[in-house]
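Reading through the structure tokens given below for one structure.
The values are calculated or read from the model by the stated rules, or taken from the named source; none is laboratory data. Note that the structure is predicted; figures quoted are calculated from it, not measured. Here the Cβ is made from the backbone with ideal geometry for all residues, glycine too, and neighbour counts use every protein chain on show.
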Amino acid sequence: MPAAAGTPSFLFSSVFPVQPAPHIPVFDAIKALAFVGDLSMGQPIDHSARTAWIASQIAAAIGRDATVQGHAACASLLRWSGCTANAPEFSDLMGDDVGGRRAMLSTASASAAAEFAGSVGPMAEIHCEVSGDIARTLGMPPEVERTLRHMFEAFDGRGKPHGLRASQIPEEVFIVSVAGDLEIFSRVHGLSNALRYIAERSDARYPAFVVDAVQQHAVDWLHALEQGAAADMQSPSDALREATASLELIADVIDLKLPWMTGFSRRVADAAFACAAGVGLGDVEQGQVRRAALIHGIGRASVPNAVWDSPGVRSEADKERLRLVPYWTDRAARRIGTLRTEAEIASFVDERIDGSGFFRGIKGPAIDVEGRVLAVAAHWVLLRTSRPGQPALSEADAIAALKNEAELGRLDAAAVAVLTGHPHEATTAPSNEATALLSSREIEVLGRISLGDSNKEAARVLGISPSTVRAHLENIFRKLECTTRAAATLKALTLGLL
């Protein structure tokens, strides 16, 4: 498929071979997604881990076996994994998608998130579908996937997305919800208030016997958390310890936050890998740079979409949030053992050789070659990406801009020379299996929709009518077994269609 305007694919296939997708242990992927979710919700980066530990304790306290305890823990870690997918809708509704979610949780926690989702059903649908698809892609047990697909259902039958009766809702939904309430309420309002709020929701938001377990054990559980009980959470099963997951899935989930960034981290990874080889880094370092590129955007989840989408002058507060993006990436990814080296490399993505970058503001030899390569690759891809109020530069203009940065001493000249010496943009042909799934026109339509185009905008670009776009979308959703654009985008990326 030809790359959609402003979103070229950088594979440099005539010079550098394309490498297989890097994989990490699946439980590390789950923890990485938990960090993205926590930042998206405006929560501390250990919120989901603490919730997962509490959820496993609740499951044990009500007599459930180790398998159910593991399901509850994994569902807790993936509970907010759909947050990047509906960030545009939250931004339209609340202005500040991160701050709005933080306020929502601190005033009524996860239980009222269900109530809030009840008034904005489409956002709940997006969230639940994407988080469920993520669980399936990761190979999670069906119980975990089903829990995530019903995470906003309520005991009183007024939840979303399906308004299920209590008997139809997986028990893990209630376990995870009350665990999240306890974690947030006790941290924000104190334990006594947290227990009172939870008691008031007995047999309303979750079953009374779950509430009774919390009332009986909450003091001990929170004390254990203060002693670091959730600091080094281990995989709950041998199967998860042995399984692996593609790091590209993490990149795709990160990029869902901003439609114009669809596939952005993959393109940075391709450019960074090519650049690393071109400057003479060894095989190990090339792999590390590529993996760092795939996770370099974790910290983006901490900044509201309105800030990213603003083409004008930003306030000092907004500038500070942007300066902290690589800091949060480093803080989050460094907590995952298999990504510590990559986390450090990723944290240099916005540093500049003359010291004008961030978050450290270091310069010269203090920035390793790997960090310099990643900074050049990310800047190159950004120049070639259309974003609100700023169209993508042509290849020639992007080359000139990149060379200018090198001449001014901000970007590494050798890395710039590699990318500007081989700037052609080859596209990846979808697999035979993928092309059999969607037609070429359907892929073109999905390519435009994935970037945030409306039906009318996609129709104008593709030279077809809005009704034809709508008909193609219906076919796309049916073939990909999706009901939302975000879920279709994620699945298409996973299949190599975009």
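Checking residue 351 against (1) outside any loop (DSSP other than H, G, I, E, B); (2) within 23 Å of residue 284 (Cα to Cα), which test does it fail?
(1)
So, of the residues in the range 270-313 that are among the aliphatic types (A, V, I, L, M) and free of Cβ contacts under 8 Å to residues at least 60 places away in the same chain, which turns out to be farthest from residue 25 (Cα to Cα)?
Selected residue: 313.
Name the residues in the range 233-247 that are within 22 Å of the chain's Cα centre (by Cα) and not in a helix (DSSP H, G or I), would you?
233, 234, 235, 243, 244, 245, 246
Which of the residues that make up the range 68-96 are surrounded by fewer than 24 Cβ atoms within 10 Å (Cβ to Cβ), over 26 Å from residue 258 (Cβ atoms) and either touching a helix residue (DSSP H, G or I) at 6+ places or on another chain (Cβ under 6 Å) or not assigned by TED's automatic domain parsing to the domain that holds residue 54 (or both)?
Hits for the range 68-96 are 68, 69.
What is the one condition in (1) surrounded by 21 or more Cβ atoms within 10 Å (Cβ to Cβ); (2) charged (D, E, K, R); (3) on the phi > 0 side of the Ramachandran plot that residue 203 does not satisfy?
(1)
Taking the conditions exactly as written (surrounded by fewer than 17 Cβ atoms within 10 Å (Cβ to Cβ) and at positive phi), does residue 337 satisfy them or not?
Judged against the criteria, residue 337 is not a match.
For the range 367-390, give me the residue count where each residue is assigned to a helix (DSSP H, G or I), surrounded by fewer than 23 Cβ atoms within 10 Å (Cβ to Cβ) and β-branched (Val, Ile, Thr).
Adding up the residues that qualify gives 1.
Specify which of the listed residues (250, 345) is in a helix (DSSP H, G or I), surrounded by 24 or more Cβ atoms within 10 Å (Cβ to Cβ) and in contact with a strand residue (DSSP E or B) (Cβ under 9 Å, 6 or more places away or on another chain).
Details: 345 fails: in contact with a strand residue (DSSP E or B) (Cβ under 9 Å, 6 or more places away or on another chain).
After applying the criteria, what remains is 250.
Assuming residue 230 fulfils every condition listed in (1) touching a Phe, Trp or Tyr at 6+ places or on another chain (Cβ under 7 Å); (2) modelled with pLDDT under 95; (3) in a helix (DSSP H, G or I) apart from one, which condition is it?
All conditions are met except number (3).
Has the range 236-244 got any residue that is at negative phi, surrounded by fewer than 23 Cβ atoms within 10 Å (Cβ to Cβ), among the hydrophobic types (A, V, I, L, M, F, W, C) and at pLDDT 95 or above?
No, the range 236-244 contains no residue that is at negative phi, surrounded by fewer than 23 Cβ atoms within 10 Å (Cβ to Cβ), among the hydrophobic types (A, V, I, L, M, F, W, C) and at pLDDT 95 or above.
Pull up the range 296-332, narrow it to residues that are modelled with pLDDT of 95 or more and part of a loop (DSSP other than H, G, I, E, B), then point me to the one that is farthest from residue 269 (Cα to Cα).
304
Among the helices (runs of 4 or more DSSP H) confined wholly to the range 92-154, which include 1 or more residues that are modelled with pLDDT of 95 or more and under 30 Å from residue 244 (Cβ atoms)? Even if it seems obvious, please write down each step before you answer.
Numbers: elements: 97-119, 121-137, 142-149.
Counting at least 1 such residues, we get 121-137, 142-149.
Can you tell me which residue within the range 457-498, out of those that are in a loop (DSSP other than H, G, I, E, B), polar (S, T, N, Q) and within 24 Å of the chain's Cα centre (by Cα), is surrounded by the most Cβ atoms within 10 Å (Cβ to Cβ)?
Only one residue fits best here, namely 484.
Run residue 257 past the list (1) buried (at least 19 other Cβ atoms within 10 Å of the Cβ); (2) at pLDDT 95 or above; (3) in a helix (DSSP H, G or I) and report the number of the one that doesn't hold.
Status for residue 257: all satisfied but (3).
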